[in-house]
Amino acid sequence: MGKSIRILFLTVLMTVMCAAVALAYNPGQRTIKLLGQTLNSDKHPVHLVVSQTIDMRDVLNADAYNKLPAAKKKRTSRTEYNENKGIAAKRATIIDGEGKIIKDTVDFCKDGFWYAIDLVNKTYDRVPELSGMSSPFAETLIGWFNVRPVGGNDAATGYDYDRMTKGNNTLTFYYEKGTEKWIGYQTAYLPFVKVEEVSNVADESYFALPSAEYKQVADPAMRARAQSIMEKKNKK
């Protein structure tokens, strides 16, 4: 290889290496920006949709799996977050293996009350609002960042990741390689949560109070959570 060619080759190589370094992200850098800016509803409206599928084929042996009715072989959870002006509405939809919606609820705090609305049965419940009842998506994960994140690339998927570890549990955020495009996240032992939609345009129809056709019916899970929050508050 001629001297001039070697010089040209080394120059190009150094340029590529410098570009790669310039494009590299520090561990946690993308996730801190994601939670602190993109998903920070204190700064702008947030719309986020994620989904998670549990396939019982991955849990049971073949014989046990084959004995399950089709409806129980797979379950998909779709969660939609719409946040703006201090209101964080969460819609949780569960779909069985036959495509039937078996749960579809919206909950949010508004005008001093915490509402839980059942869109399937056209019922709702409400209790007086307490701190901690309804939190923006980003706030539910901030607590993980009291440990140092590590970064890397997942060989199986090709995605870059930021990972936090607490004891035996982990929280991992995945990104398209070399970019800030958020693909999803995963906690230890649970299936991958895929990002379906993310934007700064909230659907404020989810902030609406239940219409007259909805009947108020006590929601045991909602009231148990409210009681738990009250008990923790009284212990402080």
Residues that are in contact (Cβ under 8 Å) with a residue 12 or more places away in the chain, out of contact with any Gly (no Cβ under 8 Å at 6 or more places or on another chain) and in a loop (DSSP other than H, G, I, E, B), drawn from segment 158-178: GLY158, TYR159, ASN168, GLU176, GLY178
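Of all residues being outside any helix (DSSP H, G or I) and more than 16 Å from VAL106 (Cβ to Cβ) in segment 216-236, which is farthest from the chain's Cα centre (by Cα)? Just the residue, please. Break it down stepwise before answering.
Of segment 216-236, the ones outside any helix (DSSP H, G or I) are 216-219, 236.
Right, trim to more than 16 Å from VAL106 (Cβ to Cβ) and you get 218, 236.
Numbers: ALA218: 28, LYS236: 30 Å.
If we take residues in segment 216-236 being outside any helix (DSSP H, G or I) and more than 16 Å from VAL106 (Cβ to Cβ), then LYS236 is farthest from the chain's Cα centre (by Cα).
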Name every residue in segment 131-163 that is open to solvent by 70 Å² or more (accessible area, probe 1.4 Å) and of a type in the set (D, E, K, R), in order of residue number. GLU139, ARG148
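Filter segment 100-130 down to residues that are hydrophobic (A, V, I, L, M, F, W, C), within 20 Å of GLU80 (Cβ to Cβ) and open to solvent by less than 30 Å² (accessible area, probe 1.4 Å), then give me how many there are.
Taking segment 100-130 and keeping what is hydrophobic (A, V, I, L, M, F, W, C), we get 101-102, 106, 108-109, 113-114, 116-117, 119-120, 127, 130.
Those still in the list that are within 20 Å of GLU80 (Cβ to Cβ) too: 101-102, 106, 108-109, 114, 116-117, 119-120.
Restricting the remaining residues to those that are open to solvent by less than 30 Å² (accessible area, probe 1.4 Å) gives 106, 108-109, 114, 116-117.
Summing the residues that are hydrophobic (A, V, I, L, M, F, W, C), within 20 Å of GLU80 (Cβ to Cβ) and open to solvent by less than 30 Å² (accessible area, probe 1.4 Å) in segment 100-130 gives 6.
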Whichever residue in segment 175-196 is under 11 Å from the mean Cα position of the chain (by Cα) and open to solvent by 80 Å² or more (accessible area, probe 1.4 Å) and, among such residues, is nearest to ASP42 (Cα to Cα): GLU196
Which numbered condition trips up CYS109, out of (1) closer than 18 Å to ASP219 by Cα; (2) over 17 Å from the mean Cα position of the chain (by Cα); (3) part of a loop (DSSP other than H, G, I, E, B)? (3)
Assess whether ASN200 counts as being open to solvent by 40 Å² or more (accessible area, probe 1.4 Å) and within 19 Å of the chain's Cα centre (by Cα). yes
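Within segment 41-65, take every residue that is outside any helix (DSSP H, G or I) and of a type in the set (Ser, Thr, Tyr) and give me the one that is farthest from SER199 (Cα to Cα).
Looking only at segment 41-65, we keep the residues that are outside any helix (DSSP H, G or I), and these are 41-55, 59-61.
Okay, now just the ones that are also of a type in the set (Ser, Thr, Tyr), so 41, 51, 53.
Numbers: SER41: 11, SER51: 16, THR53: 22 Å.
Selected residue: THR53.
Just to be sure, is LEU130 in contact with a helix residue (DSSP H, G or I) (Cβ under 6 Å, 6 or more places away or on another chain) and modelled with pLDDT under 95? Step through it out loud before you land on a result.
Details: in contact with a helix residue (DSSP H, G or I) (Cβ under 6 Å, 6 or more places away or on another chain): yes; modelled with pLDDT under 95: yes.
For LEU130, the condition - in contact with a helix residue (DSSP H, G or I) (Cβ under 6 Å, 6 or more places away or on another chain) and modelled with pLDDT under 95 - is met.
The values are calculated or read from the model by the stated rules, or taken from the named source; none is laboratory data. Since we're looking at a predicted model, the values are computed, not measured. Using ideal geometry, Cβ is built from the backbone for each residue, glycine included, and neighbour counts are taken over all protein chains shown. Side chains included, ligands, DNA and RNA excluded: accessible areas come from the protein's heavy atoms. Shrake-Rupley method; radii C 1.70, N 1.55, O 1.52, S 1.80 Å.
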